[in-house]
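Remarks on the structure that follows.
Values quoted throughout were computed directly from the atomic coordinates according to the rules given, and no laboratory measurement underlies them. The shown structure was predicted, so the numbers you read here are calculated from the model rather than taken from an experiment. Virtual Cβ from ideal backbone geometry, glycine too; neighbours counted across all protein chains shown.
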Amino acid sequence: MNQITPQPGIMDIALYQGGAAHVKGVENVIKLSSNENPFGPSPKAIEAVRDSAATLHRYPSTDHGQLRAAIGEVHGLDPERIICGVGSDEIIAFLCQAYAGPGDEVLYTEHGFAMYRISAMAAGATPVQVKERERVTDVDALLAGCTERTRLVFIANPNNPTGTMISSSEVARLADGLPPTALLVLDGAYAEYVEGFDGGVEIINSRSNVVMTRTFSKLYGLGGLRVGWGYGPHEVINVLNRIRGPFNLSSTALVAAEAAICDAEYVEKCRAENARLRVWLAEALAELGVPSDTSCTNFILARFASQDEAEACDTFLQSRGLIVRRVAGYNLPNALRITIGDEDSCKRVADAVRAFKESVA
C-alpha cells in the first residue's frame, strides 16, 4: 500500500488565487485585479531584457552582486545586507522556512497578504490571525497575540488589500514589544508609492529583530519577471542565503531589475500619475456612495453596503470589460479592490459604477 504522504499541514493550504485576467464572452478587457503598473516597465528595462537574449545560454550570477549594489545605491543601503528572491514571496517563504516550524506560531493581521499564512503552513508552523482596527494594523492586538511560541510577525505597510498604513513610531513600538524570540517582517511591496518613505530602514538599522521585503512587481512593472528583495540584519540575511537556491533569479530578471531601479525619472513619473489618479478615482466613487479609506498604494478598497452589492457590482463591471478583485477571502466580503489604472481606465471604472448604481436604484 502506498504510504507516500506530504508533510502535515500541506494539504490544508488553500491554493492561492491570483487576480483574474479574462472574462468569458468579453473582449478587450482591462485588468485591474492584480495591482500592476498600467504604464508597464521602464523602457530601459525593456531594452535590458532584449539585450539579455544573446546570453541566455550562460548561467546567471549566484550572488546578484550588481543588482544588490544598485538597490543599495538607490536606497542608501549596505548591499551585504540585501538578499534577492523570486518576488518578495520567495523572501517570505525563506523567512518561514528558516525561522518557523512545527510548534511555532506566525502572526499576521486579519486582512494581511495570503502568502503569510501559506508560507507558515508550508513550514509546518501555526498561522495566527490577529484583528485589525477598522482595516488598519493594530499594534496592541499584535502584541497581545504574541506568545512564547511566536517566531515571526508579518505586517504589510502599506497593507494589501486595505491600502492603509501605520506610522513609523507604531512600527517601532511593535518591534520593541515583541518577545525576544520573534522577528518582525515589514512587507514593503507598496512602499515605493509613499513619497519619502524608507519602508522601515531606520527601524531595521537600529534593531536586530526587524527585516523588510520589497518587490519589483508593482511600481517597477516587472511582475512577469518575479524579482524581489529583502533587507535586514547581517545575521538574518546570512541565514536566508543558506537556503536560497544558487540560481534563483535569471540573468534577464537581474538586468531588467537593475535597469528599472536606476531609471529614477520613469519611477517618479509612474508614482506621480498613480497618486493623481488614485485621488481622482477615490473621490469619484465616494460621490457615488462608494467610500474607501485613504490609500497609500496603487489601489483603492471600494466598500459597499453588503456582500451582495459588492458581488453584483463586480459582475456588472465584468460585463463592461473591467476586472477588479473580490476580497472576501481577505475577510472583506463587502469590498472590491480596484487597481489604479491609466486615466481612461479610471474613468471607465467610475462610469461603470455610476451605471451600476443607477441600474439598482
- Message: Can you list residues from other chains, or at least 5 along the same chain, whose modelled amide H is less than 5 Å from the amide H of Leu322?
- Response: Ile30
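Cut-off is 10 Å between beta-carbons; in what order do Glu170, Glu287 appear when sorted fewest neighbours first?
Listed from fewest to most nearby Cβ atoms, that is Glu287, Glu170.
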- Message: Could you derive backbone 3J(HN,Hα) for the stretch 184-189 from the dihedral phi with the Karplus parameters 6.51, -1.76 and 1.60 (θ = phi - 60°), listing whole Hz in sequence and x where the residue is Gly or Pro?
- Response: 8, 10, 9, 7, x, 4
- Residue-by-residue Karplus 3J(HN,Hα) for the stretch 332-338, coefficients 6.51, -1.76, 1.60, Hz, glycine and proline x: 10, x, 8, 10, 10, 8, 10
- Message: Taking every DSSP beta bridge with both residues inside the stretch 43-263, roughly what % is antiparallel (nearest 5)?
- Response: 35
- Task: List the lysines whose Cα lies under 30 Å from the Cα of Lys357, skipping any in the same chain that are fewer than 8 positions away.
- Result: Lys24, Lys31, Lys347
- Item | For the stretch 257-264, 3J(HN,Hα) per residue [Karplus equation, 6.51 cos²θ - 1.76 cosθ + 1.60, θ = phi - 60°, Hz, x = Gly/Pro] | 5, 4, 5, 5, 6, 8, 8, 4
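Quote the charge dipole size of the chain about the Cα centre in Debye, to the nearest 20; the model charges only the Cβ of Lys and Arg (+1) and of Asp and Glu (-1).
Values: 33 positive and 44 negative charges, 134 e Å.
Magnitude of the dipole: close to 640 debye.
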- Task: Using only Cα positions of the stretch 24-99, each an equal point scatterer, no hydration layer, compute I(q)/I(0) via Debye at q = 0.14, 0.16 Å⁻¹ and quote the log10 values to two decimals.
- Result: -0.77, -0.95
- Query: When the chain is modelled as a GNM with alpha-carbon springs shorter than 10 Å, which of Met212, Met11, Met165 fluctuates the most?
  - Reply: Met11
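How high is the relative contact order of the chain, in percent, counting Cα pairs under 8 Å that sit 6 or more residues apart?
24
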- If you take every DSSP beta bridge whose two residues both sit in the stretch 138-243, what share of them, in percent to the nearest 5, is antiparallel? 30
- Task: Set Lys and Arg Cβ to +1 and Asp and Glu Cβ to -1, take the dipole of the stretch 43-263 about its Cα centre, and tell me which of Ala259, Asn209, Met165 lies farthest positive.
- Result: Ala259
- Estimated dipole of the stretch 100-146 in Debye, rounded to 20 [Cβ of Lys and Arg +1, of Asp and Glu -1, Cα centre]: 120
- Item | Contour minus Cα-Cα distance for Asn241 and Gln129 (0.36 nm per residue) | 37.5 nm
- Query: Peptides 151-160, 14-23, 30-39, 84-93: what's the order by average Cβ count within 10 Å, highest mean first?
  - Reply: 151-160, 84-93, 30-39, 14-23
